[in-house]
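FYI, it's all coordinate maths here, none of it is from the lab. Note that this is a predicted model, so its numbers are computed, not measured. Ideal geometry is used to build each Cβ from the backbone, glycine not excepted, and the neighbour counts take in all protein chains shown.
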């Protein structure tokens with residue numbers, strides 16, 4: 001019994017240390033947002049009194065509300081569009097299964113191996129030809145259908161009870177009705193997983209917005225953060241405050257959907 005208690009104690013001690021190591025960078029970032037640049041460089045680990053000063057300097061150098069809105073709008077639209085397109089595609093690949101769709105699915109998975117830098121210039125030329133520069137549409141189009149999300153929904157659709165589809169067809173429900181009223185509610189965890197992945201990818205996207213967002217009013221938070229680093233002297237207290245503000249939406253989304261996220265990952269890994 002004593003040996004069992006010692007083992008349990010060591011296990012929880014290890015998990016506590018691992019959790020602290022994982023959370024410490026985030027905690028240090030929030031603390032540094034309240035300190036001056038000199039204190040941050042000196043490694044101060046206690047909250048300071050420069051939060052208001054850092055915020056005033058930040059708002060004087062960048063339009064944070066506009067950048068936050070641009071990032072949220074782009075990420076939200078990208079997430080909604082990706083969920084609709086990829087879930088329909090994944091559902092179709094599995095429910096209406098044939099050899100041709102298997103070949104197409106392999107091609108989609110192979111497309112994941114192509115680096116974005118290889119298709120960046122053709123995408124930019126296409127967006128420019130359609131006069132879509134500095135628009136949400138240009139931001140969303142390259143990510144509206146990804147091989148990873150289609151594969152994720154296809155894997156989840158494999159465990160959707162086909163008997164339920166057949167029973168719905170016998171009851172006279174249309175194929176679209178089956179998808180909306182039967183498939184979507186059952187696959188809530190998969191949708192939550194895909195939403196978190198897509199939203200965080202859209203929010204943190206840097207290279208593509210750097211190319212297409214050519215107006216100051218269309219810049220997103222990653223672009224604003226990169227501008228704060230530019231120059232001969234970097235105010236690290238101000239920078240930490242900007243980064244702290246930037247990560248708040250992604251933390252909120254993850255905490256809101258974390259239970260469904262875990263369930264979706266387990267379901268898709270079967």
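Placing pseudo-labels 7 Å out from each Cα toward the beta carbon at residue 248 and residue 107 gives an inter-label distance of 4.6 nm. Compared with the dominant principal axis of the Cα atoms in the chain, helix 147-157 is inclined by about 50°.
Here the contact order of the chain, divided by its residue count and restricted to Cα pairs under 8 Å and six or more residues apart, works out to 31 percent.
Calculate, in nm to one decimal, what residue 97 and residue 77 gain on full extension: separation in residues at 0.36 nm each, minus their alpha carbon distance. Could you put the intermediate results ahead of the total?
Numbers: separation 20, 0.36 × 20 = 7.20 nm, distance 2.96 nm.
In short, 4.2 nm is gained.
The residue 206 and residue 2 beta-carbon pair, evaluated with R₀ = 51 Å, returns a calculated FRET efficiency of approximately 0.40.
Would you kindly state how much longer the chain becomes between residue 229 and residue 216 on full extension, computed as 0.36 nm times their sequence separation minus their alpha carbon distance, in nm to one decimal?
Working: separation 13, 0.36 × 13 = 4.68 nm, distance 1.68 nm.
Using 0.36 nm per residue and subtracting the Cα-Cα distance, I get 3.0 nm.
Compute the long axis of helix 236-268 from its Cα atoms, compare it with the longest principal axis of the Cα atoms of the chain, and write down the angle in degrees, 0 to 90, nearest 10. Helix 236-268 and the main axis of the chain meet at about 20 degrees.
Is segment 63-268 best put as rounded, prolate or oblate by its Cα gyration tensor, with a ≥ b ≥ c the root eigenvalues, rounded for a/c under 1.5, and otherwise prolate when a/b is larger than b/c, oblate when not?
Prolate shape, in that a/c is at least 1.5 and a/b is the bigger ratio.
Relative to the dominant Cα principal axis of the chain, helix 116-129 is inclined by about 80°.
Checking the a/c ratio against 1.5 first, then a/b against b/c, what shape does the Cα gyration tensor give for segment 21-117? Prolate, since a/c reaches 1.5 and a/b exceeds b/c. The label point for residue 69 and the one for residue 120, both projected 7 Å from the Cα toward the Cβ, are 2.9 nm apart.
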